[in-house]
Amino acid sequence: MSEPNPLQPSVQRILDANLDRSREGLRIIEEWCRFGLNDSNLTQECKNLRQELGRLHTPALRAARNTANDVGTTLSHPQEEQRQSLEELLVINFSRIQEALRVLEEYSKLMSGPMSHTCKQIRYRVYSLESAMTVTNRRHILAAARLYLVTMPMPNLLSIVEKALKGGLTLVQYRDKDSDDEQRLSMAKQLRELCHRYEALFILNDRVDLALAADADGVHLGQNDVPIALARQILGPHKIVGRSTTNPKEMSLALQEGADYIGVGPVYETPTKAGKAAAGLEYVRFAAQHATVPWFAIGGIDPNNLEDVMSHGGRSVAMVRAICQSEQPNLAVQYFLNRLNQGPEKSATTQPEQKTESRPEPELPQHNRSRIPLR
């Protein structure tokens, strides 16, 4: 007759607690996959993982629970009492699940080899789930975006971008052709942090290496930049790769290469692309009829010509000066988003309202109140 294991009651309590912890975390992830992303595949995988862990949660383990004498129930940390964003909430819960699964994997070795193997396999599936959810999150934001801010070098760039984000912007590209790499990388990291604080995507122009170093959500490539396949190889499959196009042939090639989105333009001549002929509104119409990925009309678009772009099929636009040089970038963003969301059938009769010092900050529009986390 074998001797009773004196460690068994304590180990059973550890297993019980971490099975609860991992299943609770998975339920939090599952709710967002179901109600936030409306993704049946991710929701089903969360449910499958919870049920597999549930089968490991035997009556013997549940019976070992001793909540009244658990010293950990009274311990807490200030960071546990609040979440700054949906992104933070989901990242924390993925970490919680993975840590609990590692505990289960190790401690179950003292009692059950098969349980340890199962928990190890589930942990790997949770890593895959997190990666898949990251991709879905980014694609979700990209597909929903109607306004894309492409920055220009300005001394108060961070302030301008933050005001635009407060107005409801969800997509920002950092474009700076002149600063040295150290300055660009520093600014890129600050902008990425700022965008993620508002749960918006951050894209870096041209430079795949800086996009990787700054942990950007993706890169935007011009016609003379590296191939899309190489950019994806460097950045990994979870990042976004966009491409500028100026005519149907370039669009077709970008789509064949697997661009996640394309720029369509310049619609009008613009100093941002000095010397480059305008692609015109007919190319906007062509994109509306043939593009199979998200696309953004770009180039000289402002309140005076936005209606023409929309009447030719433009539903999403990228802007530079119309936002960066606005006296109130948040109000400019709100104006453009409202117009784009209304569609071309409604006539725009007013220009962006300028805020006076005595007027309170406007409430964020409804579309800004529920965003998708990035990673």
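The values are calculated or read from the model by the stated rules, or taken from the named source; none is laboratory data. Remember, it's a predicted structure, so these values are computed and weren't measured experimentally. Methodologically, a virtual Cβ is constructed for each residue, glycine included, from the backbone with ideal geometry; neighbour enumeration extends over all protein chains shown. Each accessible area value is taken on the protein alone, full model and side chains, heavy atoms only, with ligands, DNA and RNA left out. Shrake-Rupley method; radii C 1.70, N 1.55, O 1.52, S 1.80 Å.
Select from the range 155-178 the residues that are modelled with pLDDT under 95 and either of a type outside the set (Asp, Glu) or surrounded by 15 or more Cβ atoms within 10 Å (Cβ to Cβ) (or both) and list them in ascending order. Those that are modelled with pLDDT under 95 and either of a type outside the set (Asp, Glu) or surrounded by 15 or more Cβ atoms within 10 Å (Cβ to Cβ) (or both): Pro155, Lys177.
Close contacts from the range 321-345, counting a first residue that is farther than 19 Å from Phe296 by Cα and touching a residue at least 60 places away in the same chain (Cβ under 8 Å) and a second that is assigned to a helix (DSSP H, G or I) and open to solvent by 20 Å² or more (accessible area, probe 1.4 Å), with Cβ to Cβ under 6 Å and a gap of 6+ residues or different chains, come to Pro329/Lys163; Asn330/Lys163; Asn330/Lys166. Taking residues in the range 24-42 that are of a type outside the set (Ser, Thr, Tyr), and partners anywhere that are surrounded by fewer than 16 Cβ atoms within 10 Å (Cβ to Cβ) and not in a helix (DSSP H, G or I), the pairs with Cβ atoms closer than 9 Å and at least 6 places apart or on different chains are Gly36/Ser370.
This table checks each residue for (1) open to solvent by less than 30 Å² (accessible area, probe 1.4 Å); (2) closer than 21 Å to Thr170 by Cα.
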| residue | (1), (2) |
| --- | --- |
| Asp260 | yes, yes |
| Thr270 | yes, no |
| Pro303 | no, yes |
| Ser316 | yes, yes |
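Residues in the range 32-51 that are of a type outside the set (S, T, N, Q) and surrounded by fewer than 15 Cβ atoms within 10 Å (Cβ to Cβ): Phe35 only. With respect to Glu282, determine if the residue is closer than 27 Å to Val161 by Cβ, surrounded by fewer than 18 Cβ atoms within 10 Å (Cβ to Cβ) and touching a residue at least 24 places away in the same chain (Cβ under 8 Å). The answer is no for Glu282.
Pairs are defined by a Cβ separation below 9 Å, a sequence spacing of at least 6 or placement on different chains, a first member in the range 166-180 that is farther than 17 Å from Leu340 by Cα, and a second member that is open to solvent by 80 Å² or more (accessible area, probe 1.4 Å) and charged (D, E, K, R); the pairs so defined are Lys166/Glu361. Do we find a residue being open to solvent by less than 40 Å² (accessible area, probe 1.4 Å) and touching a Lys or Arg at 6+ places or on another chain (Cβ under 6 Å) anywhere in the range 286-293? Looking through the range 286-293, none of the residues is open to solvent by less than 40 Å² (accessible area, probe 1.4 Å) and touching a Lys or Arg at 6+ places or on another chain (Cβ under 6 Å). The residues in the range 103-124 that are open to solvent by less than 70 Å² (accessible area, probe 1.4 Å) and either assigned to a helix (DSSP H, G or I) or under 24 Å from Pro329 (Cα atoms) (or both) can be counted, and the count is 11. Quick check, is Ala213 open to solvent by 10 Å² or more (accessible area, probe 1.4 Å), touching a residue at least 12 places away in the same chain (Cβ under 8 Å), closer than 26 Å to Glu130 by Cα and hydrophobic (A, V, I, L, M, F, W, C)? So Ala213 passes the test. Taking the criterion of being open to solvent by 20 Å² or more (accessible area, probe 1.4 Å), under 13 Å from the mean Cα position of the chain (by Cα) and more than 25 Å from Ala254 (Cβ to Cβ), the only residue of the range 180-195 that qualifies is Glu193.
Considered as a group, the residues in the range 196-210 that are over 14 Å from Val150 (Cα atoms) and aliphatic (A, V, I, L, M) include one that is surrounded by the fewest Cβ atoms within 10 Å (Cβ to Cβ), and that residue is Leu210.
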